Amino acid sequence: MKDLKNSQAKVTIDANEAAAYVAHKLSEVIAIYPITPASPMGEWSDEWSMGGKKNIWGTVPDVIELQSEGGAAGTLHGALQTGAISTTFTASQGLLLKMPNLYKIAGELTPAVIHVAARSVATHALSIFGDHSDVMAMRPTGVAMLSSNSVQEAMDMAMIAHAATLESRIPFIHFFDGFRTSHEVQKVVQIPDSVMREMIDDEWVIAHRKRALTPDKPILRGTAQNPDVFFQARETANTYYNECASIVQRAMDRFAKLTGRQYNLFDYVGPKDAERVIVLMGSGAETAHETIEKLNARGEKTGLIKCRLYRPFAMQQFIEALPDTVKAITVLDRTKEPGSTGEPLYNDVIAALHENRLEEWKSFAAEPKVTGGRYGLSSKEFTPPMVSRIFDELKADKPKNHFTIGINDDVTHTSLDVSTNGWDADEDVFEGLFYGLGADGTVSANKNSIKIIGDNTDYFAQGYFVYDSKKSGATTVSHLRFGPKPIRSAYLINKAKFVACHQFQFLDRLDMLEKARPGAIFLLNAPYSHDKVWDNIPRKVQEQIIEKNLKFYAIDAYKVARENGMGNRINTVMQTCFFAISEILPKEKAILLIKDAIKKAYGNKGEKILQSNYAAVDNSVDNLHEINVPKTAGSPIEMRPPVPEEAPEYVQKVIAEIIAGNGDHLPVSAFEPDGTFPTATTQWEKRNIAQEIPVLEPDICIQCGKCMFVCPHAVIRMKAFDGELLEAAPETFKYMDARGREWPDNTKVSIQVSPEDCTGCELCVEVCPAKDRTNVGRKALNMAPIDPLLDQEIENWDFFLTLPEYDRSEIKQETVKGSQFLQPLFEFSGACAGCGETPYIKLITQLYGDRMVIANATGCSSIYGGNLPSTPYTTNSEGLGPAWSNSLFEDNAEFGLGFRVTIDKHTEQARELLSGMNGSLGNGLADEILKADQSTEPGIYEQRLRVARLKEMLQDSDAPNAKMLLSLADYLVRKSVWIFGGDGWAYDIGYGGLDHVLASGRDVNILVMDTEVYSNTGGQCSKATPMGAVAKFAAGGKKVGKKDLGLMSVQGGGAYVARIAMGASDMQTMKAIIEAERYPGPSIIIAYSHCIAHGYNMKYGLNQQKLAVDSGYWPLFRFDPSKVDNNENPFQLDSKAPKIGLKDYAYNEMRYLMLAKSNPKAAKQLMTQAQKEVHENWRVYEQLEKVYEPEE
Amino acid sequence: MNLETTYLGLRLKNPLVPAASPLSSETDNVKKLEDAGASAVVMYSLFQEQINAEMEALDHFLNTPQDSYAEALSYFPEPQQYHNLHAEEYLEQIADLKNAVDIPIIASINGVSEGGWMDYSKKMEEAGADAIELNIYYIAGDPSLTSQEVEQMYINDVKAVKKAVSIPVSVKVGPYFSSFGNMAMRFEEAGADGLVLFNRFYQPDIDLENLEVNPSLELSSPFERRLPLRWIAMLRPHLKGSIAATTGIHTASDVLKMLLVGADVAMMASVLLYSGPGILKHIEKEMVQWMEEKEYSSVEEMKGAMSSASVADPSAFERANYIKILQGFRAEDFR
């Protein structure tokens, strides 16, 4: 036994990897589907199986991806019923989709483990972060529930769950906190195969197989039962539930003997004579554990019960775990059940104490008081001061019940107020904060540092990483702790000994030194020589450095990186500096270890990369300087306010606080109670993330509009205006005479960039067709460094915004150029720089934004479309703009159909009411409104005016019908319903609904932004993924071709269908969108959307779109059933026969190239097959066009 | 008829050798070439840039978007190892070809500067290549570089590859040197076992519609064979090693001419890409016919029969030749 304990290797991993490691070792079939924060468990499993890693029975588990979590649960159920040892991973909505199967799996007493990275279930808003609302919703299904509180426990409890399920036959949910635990990196002990072998009795496995469905021993399971027997048959399971808890305890005891780590159903921490006890589960228990040790060291008598096996809830064991002396108990739940008698764990504790009074398992000195509280929803911080505050409250005669902690509830006053004083970390714990930019490699470097320290010292190590919600220019904050004792601090660092700012531009925006302890080290990456650094930092930063007596170091990391062939990746440089000055390890040793780590990471990627990294390490130390800190701060540089002063009050009070990182301080009263938020807020969040911006050359520009057309962030705009307005123009404001005969005399055109919103993606420059005839390298748009231009272009942009929008009815909207004179009502989203989806959305808002309502499937487009702090859908000068909502991932087509049905019903009702009162309106207005032609922009404009008149007339009427009509009058103006989503939704999880909506005949417009993978969750394979491309869950290259959603939709017959790619034909894109919107029934547009998950520089996104079409991989077409009525061919193929090979398109992208690099034989074979299919598909399309040709 | 010849010390059944081209990336094509009569095959080139840049691109696109966004900490599965990057794929192809055919396989490596990529010549040898063709492809676009520096770079490359391997090494270069004859001698001194004359540079074109530089590939035309023809004729008497003629060789008569001026083998690519491997059979047949007509009994007998050492008027291959042609120009030549 002792040998086994000693053989346990230490690894530095997060809980997702820890749980997946055990699950993969102990499964035969793994059914997966991506969902944050559980996706990495499936990804690890898939990678390991692809790499041939075997389970403890010596065979490689079969990992299969499904179309939804519901599908994964169905496959899990099927695999279990046929005798496989099976598992799955999920969270949040995914777990909810599995719920029906969980009833079945439990009802049939089938052993299985569902590993859950517990995450908030969407209510008033979606949140990807952690709480227990998902797992708590599973209580009635009959699954057992085992909680892990830390990364080590995620591995250990996974083991215990897999063992206990096989012995007990009750399926287990093994859960840990999403992000806080699932993504926290810790040094943990890995369970060796030998321990797993000892933990699992093969007899259980064989027994499970013996219960399997097989024609060799036929049985029937899943009958339909009647009132006579269902009830009593349901009660047969009781025996198994009665035994489950003791089976789990036995497994825990066996595990303790094998590993030395003892767990119990309920683990009590604290003195035997504690009077105040809190009960909770999850990562918060670790924080409580740490706090209690400190409180008790200060002379208090506090205790904690960590609930591990939550279901079946072993009441007697719970009571026995409590100290006899306990007088007051607080039960903390990380979930909210509105309208309940209390949250679930609280109710269980109340019930247990009640039953103890009947059963007399234990007699307390006095019956303890019990209160319940909510904490930590959506990963809200839960810290030692909060734990301490709860214990303080328990001293009261009548402690507050049903409280909240961690927020300020100024509406219903549930919250306990908390003071944070006096809770610094122990001196022997190193706490470091690192501020970086997503793309600069800070997080990767820190993960690497944790491994270095974890693997090479006796220190315990912890890393947790906070990302903002933007996909471009995102800020990352790394929280690293190292220390001689186990680290139980499941919360962010508040007072650091080391603060590193990897991006100089953060200095005047983020108050990072607020989190520096006195005497801490501050490391800054500054684009200045060391003698100039001090004068170039904001005064507030200078003051903090002086006041806190910080040791201040600086390096020009970008310079060092560039000089050593590392481009913009400063990770190695900053990591070396960290080790050089933090003194966690001796400098020389640290440098050797960094190089060793580099070799491990890059050794297989070639000598040159290795050498660049080594050189960067060596040169970093030479270029790192301690900055001499003067006694006074004299910098004229101020901190920037999060939003400009002119922003509206709500933006100032709420959005600005969230942008500044103070969202935790906003009280309950700051929010609408139903999740409503105003639109048009991205315009106030100036992110300044571009290094270079496009600069216009008006003498070359031909005003074609293409740059605006493709801009993913609506940062480059075009306006036509009267020349007289130029009087107030800034000196450097650029304009041109309007080209074309359609403009009145003296019309000028300006093309202006918003420099603070640009991401620098270069798509506009790439697409620009206008070249200087005498110097063709110079285009009408060229990228230039932003620094010398910033101030003047801010002024120009501000002036540009004051210019009026051109009269929409005077613009040729149906041309590429004309459309770009329309105001985009989707701007400055947080999408990736160069995003291939957002240009389509932006265009649609230009055309229909003032009368559109959007149903958005969960995914990238719901994140850049609706993630706080600021949202991109905006309004025109009349206050009209898109209304937007996200329901779920799976139901979006149906959700949008609901919009349509309402609008149709309300329009019909309004018309009925209006017809009924025609006489009373007198002037024929009703008739005009009812007969109005709204097929054109001017027609709609006129109708708006009429409806405005109508509303004015109805305003003062008390007649019931008039009041009703007033509430519906806006529906008399035509509305445009749009359904947005990606391929994960349209091809996979939402396909059933999409199919139904396409067959509904109702007037909805569906835009499928096809990136060919689940982009938002990190590039997992969907049915849109093409053959031969590598994606997560298709690590060996996708073996089957892309599903032809376009063709399938055409065959339905009743819907308008188009396949578009704006990089190949902007005109065809325009036509398709306009025809789709005009089509009176359902329309679907499948839009090629290049994506960072394709693995190439996004500035070439449009070129790749063109190549996709030229190769015949992505034929452009439009199918308009209404043309049949005019005896025209409804099917029009808009692109030409393949003229380049598929390879010439595909191998520009890493998703294809990777396979050629990792498995060239498979790549060759798949590419040959894919090429064949391209030709076959093209033949089908050509035939189809002929088939639809009307008969003579 | 004895068509045997010796090239780089390899005894070949005839002088018809497919030059470096994409044909050799498919094992089936190489089999077809062998069946059609090819006596050896030069594989497609492994480029220095591919060895270095592909790794960098892979690293860049895998790593840059990582750890930026909470829901997508990466966008690709990370393969356990990249054991098959282009370079290693190439090495596997050598091994595949060696298994599939009996004729010698000459690996081709294409690069300029000294560096790690040269290690691949050793790996090529280990993978079974019978010889290495070092293809030095350098456009001296940097005006600050002197001709001496450029020449030294070439020589260093040859020395480095020779040092790395023990199989024969041929050097394939373009004609653009101030004194090509001298360079040819220096290549031999540096250890080259043979020269391949000449490389064709892919010259970019202009796309008038889009005003863009367009690096499209034009296959060789028969006219281009004149350049190697002259130089082989002039150099044959001075060189001890092998000479391969390449560029513009499309027909049996082209092959014959090259042999007559002193080439040991004639290398073809464009004609094989145009007409397919089967064309080799015709070329061989026509060669034999001509040789029978002219009463040659072997290729060895023909080789160098018309080099500058052998023809009556050696100056015909030098400047006088040029003057003669110009003076002999008549208007009807243009018809």
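The values are calculated or read from the model by the stated rules, or taken from the named source; none is laboratory data. All figures in this text were calculated on a predicted structure; none of them were measured in a lab. Here Cβ is always computed from backbone atoms with ideal geometry, including for glycine, and neighbour counts include all displayed protein chains.
When you scan segment A:1038-1052, do you find a residue that is within 14 Å of chain B (Cβ to nearest Cβ) and in contact with a strand residue (DSSP E or B) (Cβ under 9 Å, 6 or more places away or on another chain), even just one? Yes; the residues of segment A:1038-1052 include at least one that is within 14 Å of chain B (Cβ to nearest Cβ) and in contact with a strand residue (DSSP E or B) (Cβ under 9 Å, 6 or more places away or on another chain).
Taking segment A:1116-1161 as the range and being within 10 Å of another protein chain (Cβ to nearest Cβ) and of a type in the set (A, V, I, L, M, F, W, C) as the test, the residues that pass are A:1150, A:1153, A:1154, A:1155, A:1156. Scanning segment B:58-96 for residues that are at pLDDT 75 or above, hydrophobic (A, V, I, L, M, F, W, C) and in a loop (DSSP other than H, G, I, E, B), which turns out surrounded by the fewest Cβ atoms within 10 Å (Cβ to Cβ)? Across segment B:58-96, the extreme among qualifying residues is B:70. Residue A:407 meets the stated requirement of being over 30 Å from residue A:571 (Cα atoms), part of a loop (DSSP other than H, G, I, E, B), touching a strand residue (DSSP E or B) at 6+ places or on another chain (Cβ under 7 Å) and more than 14 Å from every other protein chain (Cβ to nearest Cβ).
Scanning segment A:721-735 for residues that are assigned to a loop (DSSP other than H, G, I, E, B) and not aliphatic (A, V, I, L, M) returns A:730, A:731, A:732, A:733, A:734, A:735. Residue count for segment B:220-247, restricted to those that are of a type in the set (Lys, Arg) and within 15 Å of residue B:306 (Cα to Cα): 3. The test for being within 19 Å of the chain's Cα centre (by Cα), assigned to a strand (DSSP E or B) and facing chain B (nearest Cβ under 9 Å) does not hold for residue A:477.
All told, residue B:27 falls short of being within 30 Å of residue B:295 (Cβ to Cβ), within 20 Å of the chain's Cα centre (by Cα) and more than 7 Å from chain A (Cβ to nearest Cβ). When residue A:517 is tested against (1) outside any helix (DSSP H, G or I); (2) within 14 Å of chain B (Cβ to nearest Cβ); (3) among the basic types (Lys, Arg), just one condition goes unmet, and that condition is (2).
Checking each residue in segment A:945-974 for being part of a loop (DSSP other than H, G, I, E, B) and surrounded by fewer than 20 Cβ atoms within 10 Å (Cβ to Cβ) picks out A:956, A:957, A:958, A:959, A:974.
Taking residue A:277, is it among the β-branched types (Val, Ile, Thr), crowded, with 22+ Cβ neighbours inside 10 Å and either in contact with a Leu (Cβ under 7 Å, 6 or more places away or on another chain) or at pLDDT below 95 (or both)?
yes
Assigned to a loop (DSSP other than H, G, I, E, B) and either outside the structural domain of residue A:768 (by TED's automatic domain parsing) or without any contact (Cβ under 8 Å) to a residue 24 or more places away in the chain (or both), is that true of residue A:646? Here the answer is yes, as residue A:646 does meet what is asked. Figure legend. Inter-residue proximity from segment A:704-721: first residues farther than 22 Å from residue A:1105 by Cα, second residues in a strand (DSSP E or B) and polar (S, T, N, Q), beta-carbon distance below 6 Å, spacing 6+ or different chains. Indicated pairs: A:717/A:752; A:719/A:750; A:720/A:747. Given A:135, A:121, A:113, which one is under 23 Å from residue A:64 (Cα atoms), at pLDDT 95 or above and of a type in the set (Val, Ile, Thr)? Being under 23 Å from residue A:64 (Cα atoms), at pLDDT 95 or above and of a type in the set (Val, Ile, Thr) holds for just one of A:135, A:121, A:113, which is A:113.
Which count do you get for residues in segment A:753-765 that are over 16 Å from residue A:688 (Cα atoms) and either surrounded by 22 or more Cβ atoms within 10 Å (Cβ to Cβ) or modelled with pLDDT under 95 (or both)? Here the count works out to 2.
Take residue A:445 and decide whether it is farther than 30 Å from residue A:336 by Cα, outside any loop (DSSP other than H, G, I, E, B), of a type in the set (A, V, I, L, M, F, W, C) and within 14 Å of chain B (Cβ to nearest Cβ). Answer is yes for this residue.
From the list A:529, A:472, the one residue that fits, being out of contact with any Lys or Arg (no Cβ under 8 Å at 6 or more places or on another chain), within 14 Å of chain B (Cβ to nearest Cβ) and either without any contact (Cβ under 8 Å) to a residue 24 or more places away in the chain or of a type outside the set (Val, Ile, Thr) (or both), is A:472.
Quick check: is even one residue across segment B:157-168 part of a loop (DSSP other than H, G, I, E, B), closer than 30 Å to residue A:609 by Cα, away from chain A (no Cβ under 14 Å) and touching a Leu at 6+ places or on another chain (Cβ under 8 Å)? There is no residue in segment B:157-168 that is part of a loop (DSSP other than H, G, I, E, B), closer than 30 Å to residue A:609 by Cα, away from chain A (no Cβ under 14 Å) and touching a Leu at 6+ places or on another chain (Cβ under 8 Å). Scanning segment A:383-395 for any residue that is touching a residue at least 24 places away in the same chain (Cβ under 8 Å), in the same structural domain as residue A:340 (by TED's automatic domain parsing), surrounded by fewer than 16 Cβ atoms within 10 Å (Cβ to Cβ) and assigned to a loop (DSSP other than H, G, I, E, B) turns up at least one such residue. Give the number of residues within segment A:452-468 that are more than 14 Å from every other protein chain (Cβ to nearest Cβ) and either in contact with a strand residue (DSSP E or B) (Cβ under 6 Å, 6 or more places away or on another chain) or not charged (D, E, K, R) (or both). Residues flagged as more than 14 Å from every other protein chain (Cβ to nearest Cβ) and either in contact with a strand residue (DSSP E or B) (Cβ under 6 Å, 6 or more places away or on another chain) or not charged (D, E, K, R) (or both) within segment A:452-468 amount to 9. Report yes if residue A:742 is closer than 30 Å to residue A:685 by Cα and not basic (Lys, Arg), otherwise no. Spelling it out, it is not the case that residue A:742 is closer than 30 Å to residue A:685 by Cα and not basic (Lys, Arg). Scan segment A:1045-1055 residue by residue and report those that are in a loop (DSSP other than H, G, I, E, B) and buried (at least 17 other Cβ atoms within 10 Å of the Cβ). If the condition is that a residue be in a loop (DSSP other than H, G, I, E, B) and buried (at least 17 other Cβ atoms within 10 Å of the Cβ), then A:1055 is the only one that fits.
Residues in segment A:1126-1151 that are among the aromatic types (Phe, Trp, Tyr) and touching a residue at least 24 places away in the same chain (Cβ under 8 Å) were compared, and the one that is surrounded by the fewest Cβ atoms within 10 Å (Cβ to Cβ) is A:1131. Would you mind stating whether residue A:292 is over 24 Å from residue A:485 (Cβ atoms), assigned to a helix (DSSP H, G or I) and hydrophobic (A, V, I, L, M, F, W, C)? So residue A:292 does not fit the description; no. In this structure, residue A:569 does satisfy being among the charged types (D, E, K, R) and within 14 Å of chain B (Cβ to nearest Cβ). For segment A:801-840, the tally of residues that are over 17 Å from residue A:747 (Cβ atoms), among the acidic types (Asp, Glu) and either without any contact (Cβ under 8 Å) to a residue 40 or more places away in the chain or buried (at least 21 other Cβ atoms within 10 Å of the Cβ) (or both) stands at 2. For first residues located in segment A:772-793 and more than 21 Å from residue A:703 (Cβ to Cβ), partners that are of a type in the set (Gly, Ala, Ser) and part of a loop (DSSP other than H, G, I, E, B) and lie 6+ apart or on another chain with Cβ distances below 8 Å form the pairs A:786/A:690; A:786/A:760.
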